Every structure is written in structure tokens, then in C-alpha cells.
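See below for the structure under consideration.
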Amino acid sequence: MQKIKVREDFYGQLQKIIAGPRLLIDEPMAKHTTFRIGGPADYLVRPASAREVAAVLAAAGRHGVPVVVLGNGSNVLVRDKGIRGLVLKLDAAMGEISHNGATVKAGAGAALGDVARYAGSIGLTGLEFAVGIPGSIGGAVFMNAGAYDGEIGCLVAAVTAVSPDGRLQRFGHADIRFGYRDSIFQHNGCIICEVELALAAGDDTAIGSKMSDYTCRREAKQPIELPSAGSTFKRPPGYFAGTLIEQAGLKGFRIGGAEVSGKHAGFIVNVGGATAADVLALIKEVQRQVFERFGVRLQPEVRIFGEE
Ligand SMILES: Cc1cc2nc3c(=O)[nH]c(=O)nc-3n(C[C@H](O)[C@H](O)[C@H](O)COP(=O)(O)OP(=O)(O)OC[C@H]3O[C@@H](n4cnc5c(N)ncnc54)[C@H](O)[C@@H]3O)c2cc1C
């Protein structure tokens, strides 16, 4: 397929919206995913405001360029041929954090761990569970990320997002329809730009020790020393994906550079030089064997992008 980047008129328009190093072409996505996998994106932009998000979306719309939204790339697999079109990456350039009383406001690109530590530093409790989740807060709301009986959705008071037609829209908690690893943003094409969290006053020492406890538990149980995208599969009702995979004898099973982690079977890790094709083949094989053995269909939690 012909690369979209040959459209100089579109590139010229992007240059007018996004300054210098925040606009990249032919950018290897392996540099932007925690799996360290993924071919090049034709364009990658790092907007610094909702206004820039809307302007980029409008330009892409006018030129028929497809858009993929990315936060910290910690829940995605990008295929080896890369992404034909534009990646809108919301990161520290849109990552301001502030508070008013017990309400914490964060730009969608703020690292979730930074927001949790910020809240803890001003004595606000509720977000301790999120300290080791390596995503942006926008990605966390999109996914309704959770751990240790906590879920980001329970804390979200409001979200400001840009709709596909470029309007700035405010969503209250009820509008977002949080479910297990689900939110309205997986269905409405809106780009989350700012998140407001309703936290509660807490005790500094208790907040700090909860965070250390969760960090220790993660370090002991998860293969955080190797590139991955976290849990590969959603939790099937009534089961744990990792336990089923382990019971199917797949711990340590490898295709190319992709391996079912020997430390936690729920994770596929990149043990060195894994391609997206390796990971996809491994996902398929795990699904096949778990279904054959237990009759349970595992659904990927990891989101897959890029040219097939
Ligand atoms: C070691 C490790 C541990 C993990 N542990 C956990 C865990 O305990 N619990 C958990 O829930 N997850 C966990 N994850 C998965 C991941 O960190 C979360 O899903 C996280 O919330 C994803 O955020 P992100 O910014 O990286 O999103 P990305 O991976 O960049 O994107 C994920 C999805 O969100 C969309 N998206 C991202 N930002 C926006 C935005 N601003 N607006 C609209 N759409 C957007 C993308 O299009 C994509 O579909 C883990 C991952 C790793 C690597």
C-alpha cells in the first residue's frame, strides 16, 4: 500500500498546527509502545492542547487520513508494517496536573503513576491502586484500567474530550458508562483531553504504605523487567486468564521472540526481537489451546493497530 506521507499538502498543514519536534514522519512505533514492537507510522504528532487535537483531526478529516490515538502505548500491539495514517500521541505535552480541594485535574497525557503520586503528595486517597499501571490517564479512562480491587472509573467525576467532528464535549461520570475494561470512549470515537478525579482526604502515611505494598506485589508477581503490554487477555467471567493458561501448560511457551511469561502466564513478553506476527501467532495458539482444554474463549485486552 502506498504511504500516505507522500501527501505534501497534508504535511504542510500539520506543520502549521504542530511545532517542530512534536511532528514526526515515518516514526517507528516500537519506540512508542511498552512491547517495543511495531513498524513505522506515516505521521506521529504530540499535541499540546485540545485545540491542537481538534485542528489535527480536522486536517486529517479533510485529507482522508486515518487517525489512531495513543497514550503511553502500554496496552497496544502495533503490527510490523506500521500504521498508514496519523498517530495522535497524548503524552507529557498534554500532561499538566493540578487540584482544587479533593478534585484532581489532569491532562490526558499525564502518566497515571504521576497523578497517583501527586494525589498522595497532597494527602488525597483513592488512586493508590494505580501507582504501577504504566499508562497515561487518558488511556486509563478509555480502558477503565484497574488493579487490586480499584478501578479508575469509580473516581472519574468528568472528562473533557474532542468529538470526531471537532467539538469540545464534557462527559459526567454517568455519561461515561464504565464497565469492565470498557468506557463510552471505546464506542464514540472521542479523544479524551482532560480528566477530573474526585478523591478524598486521607492519611499521608497510610497512602504511602499502600503504594509501596502495591509496588512490591507487582514486582514479585509481574514480569515488569521485560517489555510487554500487561495482561494479554481480559478476565473471562468466572476464571482468571493467567490460571487457565498456566493450567494448559503454556507457561514459557514461545513463538519467535514472544513468550508466555514464566513469571505470570497472563502476560506475553518480548524476550528479544519479537515481531507483532510472533505475538499474534502466540495469542492465537494460547486461545486455541485454552479453548480446547477448558472451552473458554479468551478475548484480547491488548488493542491491535496497524496495516495487516
Ligand atoms: C507492565 C504492565 C502492567 C500493567 N498493569 C495493568 C493493570 O494492573 N491494570 C490495567 O488495567 N492495565 C494494566 N496495564 C495495561 C495498560 O497500562 C493500561 O491499559 C493503561 O490504562 C493504558 O494506557 P495507555 O496510555 O498506555 O494507553 P495506550 O496503550 O496508548 O492505548 C490504549 C487504548 O486507549 C486509547 N487511548 C489512549 N489514550 C486515549 C485518549 N486520550 N483518548 C481516547 N483514546 C485513548 C488507544 O486508542 C487504545 O485503544 C499494564 C501494562 C503493562 C505494560
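The values are calculated or read from the model by the stated rules, or taken from the named source; none is laboratory data. Since the structure is predicted, the reported quantities are computational estimates derived from the model, not experimental observations. Reconstructed Cβ throughout: ideal geometry from the backbone, glycine too, with neighbour counts over all protein chains shown.
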State whether one or more residues within the range 183-200 are assigned to a loop (DSSP other than H, G, I, E, B), in contact (Cβ under 8 Å) with a residue 40 or more places away in the chain, more than 10 Å from the ligand (Cβ to nearest atom) and at negative phi. yes
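Taking the range 64-99, which residues are on the phi > 0 side of the Ramachandran plot and in contact with a Gly (Cβ under 6 Å, 6 or more places away or on another chain)?
Step one: filter the range 64-99 for residues on the phi > 0 side of the Ramachandran plot, giving 64, 73, 82, 85.
The answer is 82, and nothing else.
Out of the residues in the range 172-183 that are touching an Asp or Glu at 6+ places or on another chain (Cβ under 9 Å) and crowded, with 18+ Cβ neighbours inside 10 Å, which is nearest to residue 147 (Cα to Cα)? Show your work before the answer.
Looking only at the range 172-183, we keep the residues that are touching an Asp or Glu at 6+ places or on another chain (Cβ under 9 Å), and these are 178, 180-181.
Cutting the leftovers down to crowded, with 18+ Cβ neighbours inside 10 Å gives us 178, 181.
Details: 178: 15, 181: 11 Å.
This residue is 181.
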Checking the conditions here, which among 129, 171, 185, 178 is of a type in the set (Phe, Trp, Tyr), farther than 30 Å from residue 38 by Cα and at pLDDT 95 or above? 171
Out of (1) of a type outside the set (Gly, Ala, Ser); (2) surrounded by fewer than 24 Cβ atoms within 10 Å (Cβ to Cβ); (3) more than 11 Å from the ligand (Cβ to nearest atom), the one residue 144 does not meet is (3)
Suppose we keep only residues that are more than 9 Å from the ligand (Cβ to nearest atom) and not in a loop (DSSP other than H, G, I, E, B) within the range 160-171. Which one would you say is surrounded by the fewest Cβ atoms within 10 Å (Cβ to Cβ)? 170
Pairs under 6 Å by beta carbon, first residue without any contact (Cβ under 8 Å) to a residue 24 or more places away in the chain and assigned by TED's automatic domain parsing to the domain that holds residue 293 in the range 242-268, partner among the β-branched types (Val, Ile, Thr) and in a loop (DSSP other than H, G, I, E, B), six or more apart or different chains? 257/271; 259/271
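Of everything in the range 73-86 that's out of contact with any Pro (no Cβ under 6 Å at 6 or more places or on another chain) and within 22 Å of residue 226 (Cα to Cα), which residue is farthest from the ligand (Cβ to nearest atom)? Before the answer, list the steps.
Step one: of the range 73-86, the residues out of contact with any Pro (no Cβ under 6 Å at 6 or more places or on another chain) are 73, 75-81, 83-84, 86.
Now narrow it down to the ones that are within 22 Å of residue 226 (Cα to Cα): 73, 75-80.
Working: 73: 4, 75: 3, 76: 4, 77: 9, 78: 10, 79: 14, 80: 18 Å.
For the range 73-86, the residue satisfying everything is 80.
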